[in-house]
Amino acid sequence: MPSKSSLVIFLHGIGASGAQLMPLAASWRASLPITRFAAPDAPFSHRYGHQWFSTDGNPLDPTRIRAAREAFDGLMNDVVRAEGFASAHARIAFVGLSQGAIVALDAVASGRWRIGALVSFAGLLPPQQISSSSRDTPVILVHGQRDTTIPVTASTLAAAELGAAGFKVELDIEPGVGHTISPSGGEKALAFLKQTLA
């Protein structure tokens, strides 16, 4: 593995697939020429694709997110090993959208994953005691002001909680943007990754 190489793992939203985030990787390749990109499908099936945890009943029930941690960690370990980064977690970034951002934030905030960077698009931080063991992981939260699926206050709250726990956090609220990755949001995330994975 080249000493400067890094790995970006995309984590898709509910009912989607990893392949749906690969166009973003394609647009980032020129700026991150020695970075590898992976976009696995979430481990659980959903009627429209895949999901990281079940949302039947209360979609944000923290026990559902905790119950899915083992499957998430197993899948991430498989990807990390396959890409050759098992001993280089500091060179890994999670880039999550919606439900993918929720499990990424949970993985880092719980202290299970100490990685090089975390990008959350339209996510939220599940209620929990935040571990300080992963606070070296810089985080950027990008959220559309007009998001009606997960309100922007979720990222504002997550930024405050992570900041209070000693994390280095950036919050970017995008006017006029809904529950999506906007072109400008993608650019901000790319600039963040170029800086943190440099």
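The values are calculated or read from the model by the stated rules, or taken from the named source; none is laboratory data. Keep in mind it's a predicted model, so treat the numbers as computed, not measured. Cβ placement follows ideal geometry from the backbone for every residue including glycine, while neighbour counts extend to all protein chains displayed. Only protein heavy atoms, including side chains, enter the accessible area calculation; ligands, DNA and RNA are left aside. Shrake-Rupley method; radii C 1.70, N 1.55, O 1.52, S 1.80 Å.
For this structure, a couple of remarks:
- Count of the stretch 48-75 residues, restricted to those that are open to solvent by 50 Å² or more (accessible area, probe 1.4 Å), of a type in the set (A, V, I, L, M, F, W, C) and not in a helix (DSSP H, G or I), is 1.
- For the stretch 32-42, a residue qualifies if it is open to solvent by 60 Å² or more (accessible area, probe 1.4 Å) and either within 21 Å of Asp78 (Cα to Cα) or in contact (Cβ under 8 Å) with a residue 24 or more places away in the chain (or both), and the qualifying residues are Ile34, Arg36, Asp41.
- Test: His179 is assigned to a strand (DSSP E or B) and more than 21 Å from Arg66 (Cα to Cα): no
- Filtered by the rule that a residue be under 23 Å from Gly13 (Cα atoms), touching a residue at least 24 places away in the same chain (Cβ under 8 Å) and either within 14 Å of the chain's Cα centre (by Cα) or assigned to a loop (DSSP other than H, G, I, E, B) (or both), the stretch 150-169 gives Ile150, Ser155, Ala158, Val169.
- Inside the stretch 98-114, residues that are among the hydrophobic types (A, V, I, L, M, F, W, C) and within 8 Å of the chain's Cα centre (by Cα) make up a count of 5.
- When the residues of the stretch 16-31 are filtered to those that are surrounded by fewer than 19 Cβ atoms within 10 Å (Cβ to Cβ) and touching a helix residue (DSSP H, G or I) at 6+ places or on another chain (Cβ under 9 Å), the one that is farthest from Leu124 (Cα to Cα) is Ser31.
- In the stretch 5-13, the condition of being farther than 22 Å from Leu197 by Cβ, in contact with a Ser or Thr (Cβ under 7 Å, 6 or more places away or on another chain) and at pLDDT 95 or above is met by at least one residue.
- Test: residue in the stretch 40-47 that is in a helix (DSSP H, G or I) and either in contact with a helix residue (DSSP H, G or I) (Cβ under 6 Å, 6 or more places away or on another chain) or hydrophobic (A, V, I, L, M, F, W, C) (or both): no
- Within the stretch 174-198, residues that are within 17 Å of Ser155 (Cα to Cα) have Cβ atoms under 6 Å from residues that are open to solvent by 70 Å² or more (accessible area, probe 1.4 Å) and among the β-branched types (Val, Ile, Thr) in these pairs: His179/Thr149, counting only partners at least 6 apart in sequence or on another chain.
- Residue in the stretch 56-65 that is modelled with pLDDT under 95 and at positive phi present: yes
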